[in-house]
Amino acid sequence: MKKSLIGILAAILVVSAAHAQEINNHTIKFAATGQEGTPPVLGMHIFAEKLAERSGGKLNARVFANGVLGGDVQVLSSLQGGVVEMMVWNAGNMITQDQNFGILDLPFIYQDVEVVDQLLDGEVGTFLIDKLPEHGVIGLAFWEQGFRMLSNNRHEVKTLEDISGLKVRVQQNPLLVDMWAALGANPTPMAVTELYTALETGAVDGQESTAPFNYGSKYYEVQQYLSNTRHNYNPQIVLIGKPFWDKLTPDEQAMITEVARETAIEQRQISRDAQISALEAIREAGNTVTEIEPAELQRMKDAVRPVIAKYSATFDPELTKTVFDAVGFSLE
C-alpha cells in the first residue's frame with residue numbers, strides 16, 4: 001500500500017510540475033536510419049520515456065527507426081521543412097551544413113572516449129551546436145555510435161594494401177570519400193537504407209560502421225570479413241527542426257534539451273557495452289574478425305594525414321587547436 005501511495009504521489013508531483021511550467025501537448029516524430037536495438041535507437045526510446053514522464057504525458061516522442069521516414073539527408077530536409085520534428089544521425093555528416101563539423105570525422109585521431117566526452121559536452125560541442133540555427137536545425141546533445149570498422153566480402157583486411165580496390169560504401173560526406181580514396185579503396189556514397197541490398201548483390205564489396213550497427217543491420221549475413229580498424233569515432237547528434245522549435249515555449253525547449261542531455265549519459269554507456277557484445281556476436285555468426293597490428297594501423301594513419309591536413313585548413317583555427325591539443329595530435 002505504501003509503495004502504491006508513493007507512486008501516486010510521485011505521479012501527482014510530476015503532473016503538477018508540468019502544469020506549473022508552460023508545457024503543452026505535442027507529438028514529436030523522432031527519426032533515425034539505424035535499426036531497432038542499436039545504441040542510438042535505444043537512446044531514442046530512453047529519451048521518449050523520460051520526456052513523457054518529465055512532462056506529465058504532454059510531450060510524446062514517437063520513435064521511427066529503420067529509415068522508415070527516409071534516408072538521413074531526406075530526414076534532415078524534413079526537419080528543416082517542419083515535416084519531421086527530431087532526428088539522430090552521425091554528427092560528422094553535418095559537414096554538409098557547416099564545414100566545422102568535419103572535425104568530428106577526422107580519421108584515427110579519436111581513441112580516448114573520455115576525452116571526446118569532455119570535448120563534446122564542453123566548448124567544442126557548444127561551438128558546433130551554435131552554428132546550426134542558421135541551417136534550420138537546433139542541436140540538443142551528442143550521443144554515440146562508437147568506433148567504425150571495415151567489413152567486406154572479398155578477403156581479409158590486415159594491411160593497408162588489402163584495402164586497395166575494395167568498393168566500399170561510405171556516408172554521403174566529402175571528407176569520408178577522400179579518406180577512403182587515400183586508403184586505396186573505391187569509395188561509393190550511398191544512403192544507408194540501400195546498403196544491405198547493395199552488399200547482398202555485390203554492388204559494393206564492403207561497408208564501414210560500428211559493430212552494433214553491423215550486427216543490428218545484419219550486414220554480417222552478407223559480409224565475411226570484419227577488420228577492427230577503429231578508423232573513425234562516431235558521435236551522434238540529436239537534432240530538432242527549427243520550424244518546430246520556434247513553436248515551443250521556453251519551458252518546453254528547456255525540458256526537451258535537458259532530457260536529451262541526460263539521456264546522453266545512459267546512451268553512451270549502452271553504446272560502449274554494445275560494441276563489445278556485438279563484436280563477439282559477429283564472430284560467433286561465422287565472420288572472420290581481424291585485429292590490425294599496430295605497425296599496419298600506423299601505415300593507415302600515415303596514408304590519411306594529407307586528408308586531415310586538407311580539411312583541418314578549412315576549420316576554425318581555434319577549434320582545430322582545441323581538439324588537436326586535447327587528443328595529442330599534431331600535423332608537424
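The values are calculated or read from the model by the stated rules, or taken from the named source; none is laboratory data. This is a predicted model, so every value here is computed, not measured. Neighbour counts run over all protein chains shown; Cβ positions are idealised from the backbone, glycine included. Accessible surface is based on the protein model in full, side chains and every heavy atom, while ligands, DNA and RNA are left aside. Shrake-Rupley method; radii C 1.70, N 1.55, O 1.52, S 1.80 Å.
Dividing the alpha-carbon radius of gyration of segment 79-133 by 2.2 N^0.38 Å (N being the number of residues), what value is obtained? All intermediate terms of the calculation are to be shown ahead of the outcome.
On the way: Rg = 12.5 Å, N = 55, 2.2 N^0.38 = 10.1 Å.
Ratio of Rg to 2.2 N^0.38 Å for segment 79-133: 1.24.
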- Task: Find the Cα radius of gyration of segment 127-245, compare it with 2.2 N^0.38 Å by division, and give the number to two decimals.
- Result: 1.18
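Any idea of the accessible area per residue across segment 179-267, 1.4 Å probe, to the nearest Å²? Before the final figure, lay out the partial values.
Working: 3080 Å² over 89 residues.
It amounts to 35 Å² per residue over segment 179-267.
Based on the alpha-carbon set only, what is the convex hull volume of segment 227-332 divided per residue, in Å³?
With only Cα atoms used, segment 227-332 gives 182 Å³ per residue.
Segment 186-244: Rg/Rh from Cα coordinates, Kirkwood Rh? Don't jump to the answer; show the numbers that get you there.
Values: Rg = 13.9 Å, Rh = 13.3 Å.
That ratio equals 1.04.
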- Could you calculate, for the chain, the ratio of the Cα radius of gyration to the Kirkwood radius, expressed as Rg to Rh? 1.00
- Where in the chain are the helices, taken as whole DSSP H runs, whose Cα atoms extend 18 angstrom or more along the long axis and whose Kyte-Doolittle mean reaches at least -0.5? 2-20, 39-54, 294-312
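Cβ neighbours within 10 Å, averaged per peptide: list 186-192, 24-30, 90-96 in order, most packed at the top.
On the way: 186-192: 17.6, 24-30: 15.7, 90-96: 23.1.
Output ranking for 186-192, 24-30, 90-96: 90-96, 186-192, 24-30.
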- Task: Output the Cα-based Rg and Dmax of segment 66-196 in Å, rounding Rg to one decimal and Dmax to a whole number.
- Result: 16.0, 46
- With N set to the residue count of segment 270-321, report its C-alpha Rg divided by 2.2 N^0.38 Å to two decimal places. 1.72
